[in-house]
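Undergrad: Would you mind keeping the following structure in view while I ask a few things?
Derivation of every value follows stated rules applied to the coordinates shown; laboratory data play no part. Quantities reported herein were computed from a predicted structural model and do not represent experimental measurements. We place every Cβ from the backbone using ideal geometry, glycine too, and count neighbours over all the protein chains shown.
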Amino acid sequence: MFRYIITLLMFCCISFNVNAQVVALKSDHPDRHVVVKGDTLWGISAKFLKDPWQWPSIWKLNRAQIKNPHWIYPGDVIVLDMSSGTPQLRLLRETVTLQPGAVEEPLDKTAISTIQLSVIGPFLSQPLVIEKDQLAKSPRIIANQDNRVVLSPGTRVYINKIAEGGNLNWYVYRPGDNLVDPDTKKVLGVEATYLGDAKITKYGEPASADITKAKEEIFTKDRLVATGDDVITNFVPHAPDSAISGRIIKIYGGVAEAGPQSIVSISRGTKDGIEVGHVLAVNRYGAIIKDPEYVKEKDAKDSKSASGLEPGMVKLPDERVGLLMVFRVFENVSYALVMQASQPINTLDSVTTP
């Protein structure tokens, strides 16, 4: 037996202020949208809103719901009801009753994701940002059973020490590039290079393990890192509550410039208030130039201005060129997916609260 349950979720105006931001419906918004498999929360948001990251304001979500929004499923119908004169969003959820008194459940129990997980999948667990020299303290491969130089899947290896009761599954890493803040020149962390997977067969000092996957060549002296907890894959796009200002420090995928669906790292993390789901504006970092008509006054002393620039130097305004969404956060660095781009996005472009 099928039926629709209409749940009134909220009242909203076409345009109103929230945290000094105007939340506006798109002029060509649909009256309703039937959620299908493959839809994303960002994509649906973009159908109704001019600024998709303002979705939580439309639905009046609390912070717990923003972080764990298992609430929209394939088969649901999102309706914009204008009958009362005040726009209302309603959710029509298709449910099934197995027998009288039974609990009713959505027909498809898998909630839609915020963005396509296939795009960010490799970055949800494998890339690792660690403190400088932290990897040096991790368990390391000291030998292998067949004295091979390159270790491939199926090879038995020996680890210097993994205590009884430790993790069974491990990632194999090698120290990679330093991630440096372009402004302070401080090393924010080391981005370790993911090489493959290993599974412990015997704990001890030394321990034994089998290489189960090799993405790149693995050698003795490479390090092991526990697989750890699952990362967040379902969240609501939202703007930070406070002012955030950072820079893009790396673009991935072997390209010089980023566009929609590109993955980048930014110079801000949990220490700076960044969380999964944060949407940030990308701005072309304004160049610092010399004022062509600047003339040093005869008796003026050379000293930096309040902005820290030398006399006669001017920083041009930043220009907005896109939007990105954070999907994985470390202490000082985060990974983000470029959602929109009006121009190619480069390293050193700034990121700010939109």
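Undergrad: What are the ³J(HN,Hα) values, in whole Hz, obtained from phi via the Karplus relation 6.51 cos²θ - 1.76 cosθ + 1.60 with θ = phi - 60°, for each residue of region 148-164 in sequence order, with x given for Gly and Pro?
TA: Result, ordered by residue: 6, 7, 9, 9, 10, x, x, 6, 7, 10, 10, 10, 4, 6, 9, 5, 3 Hz.
Undergrad: Ok, one more. Can you work out the Karplus-derived ³J(HN,Hα) for every residue in region 310-326? Use 6.51 cos²θ - 1.76 cosθ + 1.60 with θ = phi - 60°, whole Hz, and x for glycine or proline.
TA: 3J(HN,Hα) across region 310-326, in whole Hz: 5, x, x, 8, 10, 8, 6, x, 5, 10, 5, 10, x, 9, 9, 10, 6.
Undergrad: Right, something else. Quick one: length gained pulling residue 83 to residue 133 fully straight, 0.36 nm per residue minus the C-alpha distance? Before the final figure, lay out the partial values.
TA: Details: separation 50, 0.36 × 50 = 18.00 nm, distance 6.24 nm.
Difference between extended and current length: 11.8 nm.
Undergrad: List the residues, sorted by chain then number, that are 5 or more residues from residue 322 or on another chain and whose placed amide H is less than 5 Å from its amide H.
TA: Amide H to amide H, under 5 Å and 5 or more residues apart or across chains, residue 322 pairs with 282, 342.
Undergrad: Using amide H atoms built in the peptide plane, which far-off residues or other-chain residues are under 5 Å from residue 24 H to H?
TA: Residues meeting the amide H criterion: 50, 51.
Undergrad: Can you tell me the FRET efficiency between residue 233 and residue 294 if r is taken as the Cβ-Cβ distance and R0 is 51 Å, rounded to the nearest 0.05?
TA: So, using R0 = 51 Å, E works out to roughly 0.45.
Undergrad: Another question, then. Enumerate by residue number the trypsin sites (Lys or Arg not before Pro) in region 172-244 meeting two conditions: DSSP loop (anything except H, G, I, E, B), and at most 16 other Cβ atoms within 10 Å of the site's Cβ.
TA: In loop regions of region 172-244 (DSSP not H, G, I, E or B), the sparsely surrounded trypsin sites (Lys or Arg not before Pro) are 185, 186, 215, 221.
Undergrad: Could you let me know the centre-to-centre spacing of region 215-269 and region 167-196, using Cα atoms, in angstrom?
TA: Value for the Cα centre distance between the two parts: 11 Å.
Undergrad: Once you treat every alpha carbon in region 119-226 as an equal point and sum by Debye, what is log10 I(q)/I(0) at q = 0.20, 0.22 Å⁻¹?
TA: The computed values of log10 I(q)/I(0) come out as -1.00, -1.15.
Undergrad: Please give the Cα centre distance for region 50-75 versus region 315-331, rounded to the nearest Å.
TA: Each part's Cα centre sits 22 Å from the other's.
Undergrad: Principal axis lengths of region 32-92 from Cα atoms, whole Å, largest first?
TA: 32, 25, 20
Undergrad: Can you compute 3J(HN,Hα) from phi for each residue in region 343-354, using the Karplus curve 6.51 cos²θ - 1.76 cosθ + 1.60 with θ = phi - 60°, rounded to whole Hz and x for Gly and Pro?
TA: Per residue, the Karplus-derived 3J(HN,Hα) values read 9, x, 9, 10, 4, 6, 4, 8, 10, 9, 4, x Hz.
Undergrad: Output the pairs from 250/271; 161/250; 37/250; 185/250; 137/199 with a Cα-Cα distance over 24 Å in this structure; if there are none, say none.
TA: Over 24 Å Cα-Cα: 161/250; 37/250.
Undergrad: Could you tell me the calculated FRET efficiency between residue 28 and residue 316, based on Cβ-Cβ distance and R0 = 56 angstrom, to the nearest 0.05?
TA: The value I calculate is 0.95.
Undergrad: Please identify the GluC sites (Glu not before Pro) of region 120-215 that satisfy two criteria: DSSP loop assignment and at most 11 other Cβ atoms within 10 Å. Which are they?
TA: Here the sparse-neighbourhood loop sites are 164.
Undergrad: Which residues' amide hydrogens lie under 5 Å from the amide hydrogen of residue 188, considering only partners 5 or more residues apart or on another chain, with H built in the peptide plane?
TA: For residue 188, the qualifying residues are 179, 180, 181.
Undergrad: Something else now. Subtracting the Cα-Cα distance from 0.36 nm times the residue separation, let me have the gained length for residue 205 to residue 36 in nm, one decimal.
TA: 55.6 nm
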